[in-house]
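A.B. asks: Structure provided below as structure tokens; questions to follow.
Every read-out reported here was derived from the displayed coordinates using simple, explicitly stated rules and does not represent laboratory data. This is a predicted model, so every value here is computed, not measured. Reconstructed Cβ throughout: ideal geometry from the backbone, glycine too, with neighbour counts over all protein chains shown.
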Amino acid sequence: MLPPDIQQDILTVSRISAVPSILKVVSELTGMRVTMVSRVTTDSWTACAAYDRAGFGLVVGMQLDLTTTFCKGVCENNRPVIIEHSSVDPIYRDHPTPKMYNIESYISIPIKWPDGGMFGTLCALDSRPMKIDPKVVASLTLFTELISNQLHSEEVHDEIAQRSRELELKIAERTAKLQETVSELETFSYSISHDMRGPLRAMQSFAHILLEECGSQLNDSGRDYVRRIIASADRMDRLIRDILVFSRVGPAGVAAEKIDLQGLIAGILESYPQFDSAVADIRIVGPLPAVQGSSAALSMVVSNLLDNAVKFTPRGTRPAITVWAETVGPRVRVFFKDNGVGIARDQWEKIFGIFYRLDQSVAGTGIGLSIVKKGVERMGGIVGLTSEVGKGSTFYLELAQAEN
């Protein structure tokens, strides 16, 4: 059994389509009936391609004792060996190799790897003496250069094929892990939505009972608070269902729907205590046009933007936020301008990174703006800002305008 690296070398030479023709041409040019491409290492000689019309018995994969060949010296000295008539040649007439293999004429030219290392030889031999023209030697040298170039191409091909196989294996492994993770997330999402909706339903039920059975005992403010509890619970229930759908949508995008932007923002302001008029001055300059997107995604985006605007207001300053929209061709750009602390220019990109916190003294997890960016991008939109330290910030979302 041949070593794996030698088997690979034989395969590489076999893929060079020109080699069989080269061996035939070499035979015709030299008159020698046996030609071959051999792989020569420090301790082995192997036939990688052969043309034998003399019954020499040479076949691909055949190995000879390296010390009984001329190829060892050809590769070590990087010089051809040329013998026209070994029996009378003063150098080779007593050499054991011609006698062992019944060789009278012989030529061997080194074949190099593209990096300059030795691959082996291009050889021709015969049991008859042959006159070898220097022009023939030059032609054979050109053939070895051609084979060397092709070896480089096959070597690159093998490397690309190997990397491709490795990449396919990695992709398969990562796909399997991703599928496992997605399955776990789906199970987790279902569990969370189920466990969260149970208490919400109880809250909704008790709030309705409170309003129906005890409503007459409450003043106007009390009844308004109960209605807000019911509205907020209803909204949370819808959000949980929508977020469950949203979480199952991949990076390619979300199912688009027509969204009443004015109504969506008004509903958010109604549902969150930090947006109450007693806490913050939030003005919607309208009317706001309808947009295409996901209600769940856009709700998360808007609520996070407004929450940040309120949180990052200087102490002793009442948060003032203005929301308006402009139509830019088929797109809608929605602006959120605040009177907050402002953001330095070198922080504009960083603040959208997950867990990045601009001010450690402000409560938060550092994921709000990463949710904003991911949510907008999933809807095929973009998010950006302009800001100046001490003068507030203006964030904007750009989304597709809803079709009429």
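A.B. asks: Considering Cα pairs under 8 angstrom that are at least six residues apart, work out the relative contact order of the stretch 4-162 and quote it in whole percent.
C.D. replies: The normalised contact order for the stretch 4-162 reaches 23 percent.
A.B. asks: Here is a follow-up. Report, in debye and to the nearest 20, how large the dipole of the stretch 4-162 comes out about its Cα centre when Lys and Arg carry +1 and Asp and Glu carry -1 on their Cβ.
C.D. replies: 540
A.B. asks: Separate question: Relative to the Cα centre, what is the charge dipole magnitude of the chain, using +1 at the beta carbon of each Lys and Arg, -1 at the beta carbon of each Asp and Glu, and rounding to the nearest 20 debye?
C.D. replies: Here the chain has a charge dipole of around 540 debye.
A.B. asks: Output the pairs from Lys258/Lys337; Lys337/Lys373; Lys24/Lys72; Lys177/Lys311; Lys112/Lys135; Lys350/Lys391 with a Cα-Cα distance over 29 Å in this structure; if there are none, say none.
C.D. replies: Lys177/Lys311
A.B. asks: May I pose another question? Among Ile10, Val334, Gln162, whose Cα sits farthest toward the positive end of the charge dipole of the chain (+1 at Cβ of Lys/Arg, -1 at Cβ of Asp/Glu, about the Cα centre)?
C.D. replies: Val334
A.B. asks: Placing +1 on the Cβ of each Lys and Arg and -1 on the Cβ of each Asp and Glu in the chain, which of Gly267, Leu122, Gly392 has its Cα farthest towards the positive end of the resulting dipole?
C.D. replies: Final value for the positive-end residue is Gly392.
A.B. asks: Using the Cβ atoms and a cut-off under 14 Å, what net charge is assigned to the surroundings of Leu2, where Lys and Arg are +1 and Asp and Glu are -1?
C.D. replies: Computed value for this residue: -2.
A.B. asks: Near the amide H of Ile111, under 5 Å away, which other amide H atoms are found, from residues 5 or more places off or on another chain, if H is placed in the peptide plane?
C.D. replies: Result for Ile111 returns Phe119, Gly120, Thr121, Leu122.
A.B. asks: Here is a further query. How high is the relative contact order of the stretch 251-400? Use alpha-carbon pairs under 8 Å, at least six apart in sequence, and give a whole percent.
C.D. replies: With pairs under 8 Å counted, the relative contact order is 26 percent.
A.B. asks: When the chain is treated as a GNM, springs tying every alpha-carbon pair under 10 Å, which of Asp89, Asp237, Asp195 comes out with the largest mean-square fluctuation?
C.D. replies: Looking only at Asp89, Asp237, Asp195, the largest GNM fluctuation is found for Asp89.
A.B. asks: Okay, moving on. Give the angle, between 0 and 90 degrees and rounded to the nearest 10, that separates the Cα long axis of helix 134-214 from the longest principal axis of the Cα atoms of the chain.
C.D. replies: Rounded to the nearest ten degrees, it is 20.
A.B. asks: What's the FRET efficiency of Lys177 with Thr327 using the Cβ-Cβ distance as r and R₀ = 41 Å, to the nearest 0.05?
C.D. replies: With a Förster radius of 41 Å, E is 0.40.
A.B. asks: At 222 nm, what value in deg cm²/dmol follows for the chain if DSSP H runs of at least 4 each add -39500 (n - 2.57) and the sum is divided by all its residues, to the nearest 500? Before the final figure, lay out the partial values.
C.D. replies: Working: 9 runs with 184 residues, N = 404.
For the chain, the value works out to -15500 deg cm²/dmol.
A.B. asks: Hey, another quick one. Can you run phi through the Karplus equation (6.51, -1.76, 1.60; θ = phi - 60°) for the stretch 273-283 and list ³J(HN,Hα) in whole Hz, with x for Gly and Pro?
C.D. replies: Each residue's phi maps through the Karplus curve to give x, 5, 9, 4, 4, 6, 9, 9, 9, 10, 10 Hz.
A.B. asks: So, one more: Count charges around Asn102 for me, please; just the other residues with Cβ under 13 Å from its Cβ, Lys/Arg as +1, Asp/Glu as -1.
C.D. replies: +1
A.B. asks: What does the charge add up to near Lys24, with Lys and Arg as +1, Asp and Glu as -1, over the other residues with Cβ less than 15 Å from its Cβ?
C.D. replies: -1
A.B. asks: In degrees, nearest 10, range 0 to 90: what is the angle between the Cα axis of helix 19-30 and the longest Cα principal axis of the chain?
C.D. replies: The angle comes out at about 20 degrees.
A.B. asks: Can I ask one more? Considering the values (i) 28.7; (ii) 21.8; (iii) 26.2, which represents Kirkwood radius over Cα pairs in Å as calculated for the structure under consideration?
C.D. replies: Correct label is (i).
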